[in-house]
Amino acid sequence: MSALSTLPCPPDSECTTLPDGTEVVMRPLERHDDGPLRAVFAGMGARSRELRFMTPKTRLTEADVRQLTAVDHHDHEAVVAYADGLPVGIARLVRTPDEPATADVAVAVVDAWQSRGVGTALAVSLAARARELGIGRFSVLMAHDNEGAVRLMHRVLGDVEQATVDRETAEFVVSLEPSRRGGRRLLKGV
Ligand SMILES: CC(C)(COP(=O)(O)OP(=O)(O)OC[C@H]1O[C@@H](n2cnc3c(N)ncnc32)[C@H](O)[C@@H]1OP(=O)(O)O)[C@@H](O)C(=O)NCCC(=O)NCCS
């Protein structure tokens, strides 16, 4: 399993402290850097995997690994988060081919570290990187009842520009600019 020293903040990395005081180190995933990818997948239970991949998934195929590590730091960027020296989450964006200012986004955090702020740290870091790449909005596809993903989206991103919700999925196009109108909330109670 990949490990990374957390003190001091390594070069080309970003360090942040979670609300519980844990230090998180984030760095770009590199091409063919499959260790963190496999470790994060292994740390996710069946439900988390299904929420991430929108289908039940028991293993990563080699084709999945190739696709998920095919980062080029321009149209496909991914950030991996380490806590206690181990990979605990990955956030990625893939630029939409015919809409270069938009990117599809996915975030995954291992079960043991969910609800501790890792997803927020990753999403903030990915949004900053997106702005550097000229990306102004994220497109997020999720299960319609993925409360964690909706909360994360509201916490980090700006106004929802489009929402397409059906019985199983919800797709949101969300501005990366800070909300001027307080944002548009999408799920009752969330
Ligand atoms: C969605 C996910 C990425 C959030 O990451 P995280 O590290 O748990 O998020 P954070 O701790 O930063 O919390 C962000 C918000 O989500 C909420 N949240 C996190 N997990 C939750 C859960 N299982 N149920 C309800 N809310 C949840 C937190 O309470 C917080 O809400 P708040 O802003 O109202 O306080 C993570 O739960 C995950 O990997 N889930 C499985 C894969 C997935 O659903 N990916 C998103 C679709 S691509």
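The values are calculated or read from the model by the stated rules, or taken from the named source; none is laboratory data. Quantities reported herein were computed from a predicted structural model and do not represent experimental measurements. With ideal geometry, Cβ positions are generated from the backbone for all residues, glycine too; neighbour counts draw on all protein chains shown. Areas reflect the complete protein model, heavy atoms only, side chains present, ligands, DNA and RNA absent. Shrake-Rupley method; radii C 1.70, N 1.55, O 1.52, S 1.80 Å.
Might you let me know whether segment 17-37 holds any residue that is surrounded by 19 or more Cβ atoms within 10 Å (Cβ to Cβ), over 18 Å from residue 128 (Cα atoms) and out of contact with any Ser or Thr (no Cβ under 8 Å at 6 or more places or on another chain)? Within segment 17-37, none of the residues are surrounded by 19 or more Cβ atoms within 10 Å (Cβ to Cβ), over 18 Å from residue 128 (Cα atoms) and out of contact with any Ser or Thr (no Cβ under 8 Å at 6 or more places or on another chain). Of the residues in segment 132-174, how many are without any contact (Cβ under 8 Å) to a residue 12 or more places away in the chain and under 15 Å from residue 103 (Cβ atoms)? Counting residues in segment 132-174 that are without any contact (Cβ under 8 Å) to a residue 12 or more places away in the chain and under 15 Å from residue 103 (Cβ atoms) gives 2.
Residues of segment 23-61 being of a type in the set (D, E, K, R), more than 11 Å from the ligand (Cβ to nearest atom) and under 30 Å from residue 11 (Cα atoms), which ones? Selection gives 23, 27, 30, 31, 33, 34, 38.
Looking only at segment 97-108, which residues are more than 8 Å from the chain's Cα centre (by Cα) and more than 14 Å from residue 172 (Cβ to Cβ)? Give the steps one after another, and end with the answer.
Of segment 97-108, the ones more than 8 Å from the chain's Cα centre (by Cα) are 97-104.
The answer is 97, 98, 99, 100, 101.
Of the strands (runs of 3 or more DSSP E) contained entirely in segment 101-184, those carrying at least 2 residues that are more than 15 Å from the ligand (Cβ to nearest atom) and surrounded by fewer than 20 Cβ atoms within 10 Å (Cβ to Cβ) fall at 160-165. Cβ-Cβ below 6 Å, separation at least six or inter-chain, first residue in segment 64-76 and closer than 9 Å to residue 31 by Cα and free of Cβ contacts under 8 Å to residues at least 60 places away in the same chain, second open to solvent by 20 Å² or more (accessible area, probe 1.4 Å) and in a helix (DSSP H, G or I): which pairs? Taking only residues 6 or more apart or on different chains, the pairs are 69/34.
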